[in-house]
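Report on the structure given below.
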Amino acid sequence: MSELTIRFKRQLSDFELDINEQLPAQGISVLFGESGCGKTTILRALAGLERLPESFCQLGEHCWQDEQRNHFVPTYRRPIGYVFQEASLFEHLNVAQNLQFGWRRIAPKQRKVSMGDVCQLLGISDKLERRPCSLSGGERQRVAIARALLTSPQLLLMDEPLSALDLARKREFLPYLERLHNELDIPIVYVSHAPEEVIRLADHLVLMKQGRVCLSGPLQQTLLNPKSAQLFADGASSVINTVVTSHLNGLTELACGSKVLQMSKRDIPIGQKIRCRIFASDVSISLTKAQDSSILNLLPATVCSLKPGVRPDEVLVQLELAEKTPLLALLSRYSCQHLKLIPNMVVWVQIKAVAIL
């Protein structure tokens, strides 16, 4: 499997960027961190918009920058697509003409995607005759993504494409990004400081702070690290891959391996794969299976480890459900001692249906 290798350095008066990472050249790699930690600078360096000293950048066998050899490939020769925070569309052209701008730059034999497929994927087939000024913010961003995809890039760079949208439009937009993830074989480097986007989209997660990488790795594995709770402002959580199996009694039933989870009803087609986020603070542990409880999700699990939480009297308990599915629980130190929790102990986890996001 090919990789994206980046070594970028930049020194400013009050800031230093120093990153040395190998990202998978498939799926979505998310750079996550607070504003000013260097995420956008990395994207601009990947695009060749900034030439950083002492730096190196290579996608698979193609080297785009190697300062030791004084080698630098300019932006126009890098097979990338770039989606900015604001959709930079040509206002004097309609949607179809905006899309054709990128499409015509690529020789027919090099085109990886068709205009019809991209328009259908992003839900803009009925907007081709409209001018950008008549589109909503979410529609403009979908057009911007479509235009970038129609250049048939080997790498797609996305710099907080949802930052200009309100919460309702973000939630409306995310399914389109999930479709890109599921249906197109184009690696994406995605910049965000929104946990919801990370959980829904990331395959590989890079957590950054003040120009440095604090944690990096596959999403589920990285979230298990106690340090991630300090970097995510909303606390420690787990991500579980599930499949929608039914909708009944105001609930949506999910298959998680051989086990079943129930969550508050969502308008999601049966058979669709979805990622669920569960906060560690919403998971409780019992030594026996509760009877006559309002909590619907009662599952056997094995204790893997107990590690200090962010606060001194808290413990982050790593558990394993069936099929080695990881789950985190945040308990008080007193509760852990009261239950006498130790590694390899079999317990019951309890998760409210309304707590599965």
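The values are calculated or read from the model by the stated rules, or taken from the named source; none is laboratory data. Please read all numbers here as calculations on a predicted model, not as lab measurements. So basically every Cβ, Gly included, is an ideal-geometry build from the backbone, and we count neighbours across all protein chains shown.
Please verify whether D234 is under 29 Å from R140 (Cα atoms) and modelled with pLDDT under 95, treating the condition exactly as stated. Write out each step before concluding.
On the way: under 29 Å from R140 (Cα atoms): no; modelled with pLDDT under 95: yes.
Considered against the rule, which asks whether it is under 29 Å from R140 (Cα atoms) and modelled with pLDDT under 95, D234 comes out as no.
Would you say L316 is touching a Leu at 6+ places or on another chain (Cβ under 8 Å), surrounded by 20 or more Cβ atoms within 10 Å (Cβ to Cβ), within 16 Å of G235 (Cβ to Cβ) and of a type outside the set (D, E, K, R)?
yes
Looking at this structure, is N249 surrounded by fewer than 22 Cβ atoms within 10 Å (Cβ to Cβ), of a type outside the set (G, A, S) and closer than 22 Å to E323 by Cβ?
Details: surrounded by fewer than 22 Cβ atoms within 10 Å (Cβ to Cβ): yes; of a type outside the set (G, A, S): yes; closer than 22 Å to E323 by Cβ: no.
It is false that N249 is surrounded by fewer than 22 Cβ atoms within 10 Å (Cβ to Cβ), of a type outside the set (G, A, S) and closer than 22 Å to E323 by Cβ.
For K289, indicate whether it is loosely packed, with under 14 Cβ neighbours inside 10 Å, in contact with a strand residue (DSSP E or B) (Cβ under 9 Å, 6 or more places away or on another chain) and within 23 Å of V198 (Cβ to Cβ). Considered against the rule, which asks whether it is loosely packed, with under 14 Cβ neighbours inside 10 Å, in contact with a strand residue (DSSP E or B) (Cβ under 9 Å, 6 or more places away or on another chain) and within 23 Å of V198 (Cβ to Cβ), K289 comes out as no.
Elements of the type strands (runs of 3 or more DSSP E) sitting completely within the stretch 165-266 and holding at least 2 residues that are more than 27 Å from A146 (Cα to Cα), within 15 Å of the chain's Cα centre (by Cα) and of a type outside the set (S, T, N, Q): these cover 204-209, 212-218, 237-248.
Does any residue of the stretch 80-90 turn out to be among the hydroxyl-bearing types (S, T, Y), surrounded by 15 or more Cβ atoms within 10 Å (Cβ to Cβ) and on the phi > 0 side of the Ramachandran plot?
At the first step, the residues of the stretch 80-90 found to be among the hydroxyl-bearing types (S, T, Y) are 82, 88.
The next check asks that each one be surrounded by 15 or more Cβ atoms within 10 Å (Cβ to Cβ); those that pass are 82.
Filter again for on the phi > 0 side of the Ramachandran plot, leaving none.
No, the stretch 80-90 contains no residue that is among the hydroxyl-bearing types (S, T, Y), surrounded by 15 or more Cβ atoms within 10 Å (Cβ to Cβ) and on the phi > 0 side of the Ramachandran plot.
Scanning the stretch 110-141 for residues that are under 19 Å from K170 (Cβ atoms) and of a type in the set (S, T, N, Q) returns S136, Q141.
Considering L121, L150, which residue is in contact with a helix residue (DSSP H, G or I) (Cβ under 6 Å, 6 or more places away or on another chain), in the same structural domain as L177 (by TED's automatic domain parsing), modelled with pLDDT of 90 or more and closer than 26 Å to P24 by Cβ?
Numbers: L121 fails: modelled with pLDDT of 90 or more.
Exactly one of L121, L150 is in contact with a helix residue (DSSP H, G or I) (Cβ under 6 Å, 6 or more places away or on another chain), in the same structural domain as L177 (by TED's automatic domain parsing), modelled with pLDDT of 90 or more and closer than 26 Å to P24 by Cβ, namely L150.
Inspect all residues belonging to the stretch 95-110 and state whether any of them is part of a loop (DSSP other than H, G, I, E, B), buried (at least 17 other Cβ atoms within 10 Å of the Cβ), in contact with a helix residue (DSSP H, G or I) (Cβ under 9 Å, 6 or more places away or on another chain) and modelled with pLDDT of 85 or more. Checked the stretch 95-110: no residue is part of a loop (DSSP other than H, G, I, E, B), buried (at least 17 other Cβ atoms within 10 Å of the Cβ), in contact with a helix residue (DSSP H, G or I) (Cβ under 9 Å, 6 or more places away or on another chain) and modelled with pLDDT of 85 or more.
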